[in-house]
Amino acid sequence: MLKTLSRLISYKLYTPGPLSTTSTVKDSMKNDLCFNKSFNKDINHIRNQLLKISNLPTEEYTSLLLPGSGTFGVESTLRTAVNQHQKILIAVNGAYGERMVKICKILKIPTKVINIDERKIINIKDVLYYLDTEVTHFAMVHSETTTGILNPIDEISSILKKARPDIKIIGDCVSSFGAVDTDFSNLDFIVTCSNKLLQGVPGLALIIAKNTTLDRCEGNAKSSVLDLFKISRTYNHFVVIPPYQSISALKKAIEEFWKEGGVKARQARYQKNQRALANGMNELGFKHYIDDGDQGWIISTFIEPKHYNYSFEKLYKFLADRGIIIYPGKLSKLPTFRIGTIGELYKEDMIECVKCIKEAFEFMRIPLPLNE
Ligand SMILES: Cc1ncc(COP(=O)(O)O)c(C=O)c1O
């Protein structure tokens, strides 16, 4: 990858976070900000909006803002939700599922892992098979950014809650919340962050929690800043200096989210983007890592060509020189690269990206369409 990106070029990020935001979202951060009277109003507004976006009843759920990234949201949720005398079952089909396992190991939470092939979705049969009577919590990733696979979290949580109503369910929805139409009503904790599909800027982890579940979490999290129970009982929700600019940007981003038409409209735009990318890349002969039916619309993984002239660094630089930033692969088994279809990107941007990839391959003297 390029060692340094020029600060003079306005890049478009075809990445799964950080992602490109609108100029109006960026403008909303231009002032120095600090605590004032309207700040509490803004926080309450954002918290209400998160519940509205989730389509969950406001009297049963609460939402929390935490300084940090998606992982801060995931770790604070695991810390708060589960204690060392309980047991969590985690279904893993990618790096973000593995990250939850790693966090639980650090926290010494008894953990049982279902390891699933990265190319296969998590399915309820496996979850029920591995469930034992000691399991108190279940966690999974909704949209696994490692590959772009979309796991059916609503179906799994619904069947699991029917089979075992006592189990508390945690969803890492970092890369799905806001653009994947989902029934969250069987989840106890839903985690996302500001710089994903809501299209704010980095700086905030966002957590939606079921009140009756959170109420029983006092004392679980051994942390001064990652204890969601404590945060939920803290005036204005911040135990440290809040990331004011991120909050301001998120408020603006949510306003634009509704202007676009909410979850369904954003999902439709990203799906259009993903289809334009998939069609263009198919024409160039690239193979998708994930089967069509399981592929989400957030990020797509492509298998790298074996041609001796190919190098990801050359492709990356060629695209970056034209203002396009893509992502390397995250798989250990196979060389791949990834292209995101989220953020302030439209179908025309995807067509432009494919056109530049074609030019990059001509530049590398690799015949297209690929024939591998
Ligand atoms: C599904 C998922 N979970 C967790 C994370 C971690 O988020 P962050 O890098 O903001 O900590 C990501 C980041 O891309 C993600 O896609």
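The values are calculated or read from the model by the stated rules, or taken from the named source; none is laboratory data. Owing to the predicted nature of the structure, the values given are computational and were not obtained by experimental measurement. Virtual Cβ from ideal backbone geometry, glycine too; neighbours counted across all protein chains shown.
So that you can scan it fast, the table gives a plain yes or no per residue for (1) under 23 Å from Leu206 (Cβ atoms); (2) in the same structural domain as Leu226 (by TED's automatic domain parsing); (3) not charged (D, E, K, R):
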site	(1), (2), (3)
Ile88	yes, yes, yes
Lys102	yes, yes, no
Pro110	no, yes, yes
Leu128	no, yes, yes
Pro152	yes, yes, yes
Lys162	no, yes, no
Phe177	yes, yes, yes
Residues (touching a strand residue (DSSP E or B) at 6+ places or on another chain (Cβ under 6 Å) and among the hydroxyl-bearing types (Ser, Thr, Tyr)) located in segment 200-215: Thr213
For Asn220: the one exception among (1) more than 30 Å from Glu304 (Cα to Cα); (2) among the polar types (S, T, N, Q); (3) under 23 Å from the mean Cα position of the chain (by Cα): (3)
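Considering only helices (runs of 4 or more DSSP H) fully contained in segment 34-107, which possess at least 1 residues that are within 24 Å of Ile241 (Cβ to Cβ)? Working first, answer last.
On the way: elements: 37-54, 70-81, 95-106.
Qualifying helices (runs of 4 or more DSSP H): 37-54, 70-81.
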Top-ranked residue of segment 334-368 - restricted to ones that are among the β-branched types (Val, Ile, Thr) and outside any helix (DSSP H, G or I), ranked as nearest to the chain's Cα centre (by Cα): Ile342
Unique match (being part of a loop (DSSP other than H, G, I, E, B), away from the ligand (no atom under 15 Å from the Cβ), more than 24 Å from Glu60 (Cβ to Cβ) and in contact (Cβ under 8 Å) with a residue 60 or more places away in the chain) among Ser175, Ser223, Ser185: Ser223
Of the criteria (1) surrounded by 15 or more Cβ atoms within 10 Å (Cβ to Cβ); (2) closer than 23 Å to Phe337 by Cα, which one Lys252 fails: (2)
Identity of the residue in segment 117-143, in a loop (DSSP other than H, G, I, E, B) and within 16 Å of the ligand (Cβ to nearest atom), that ends up modelled with the lowest pLDDT: Glu118
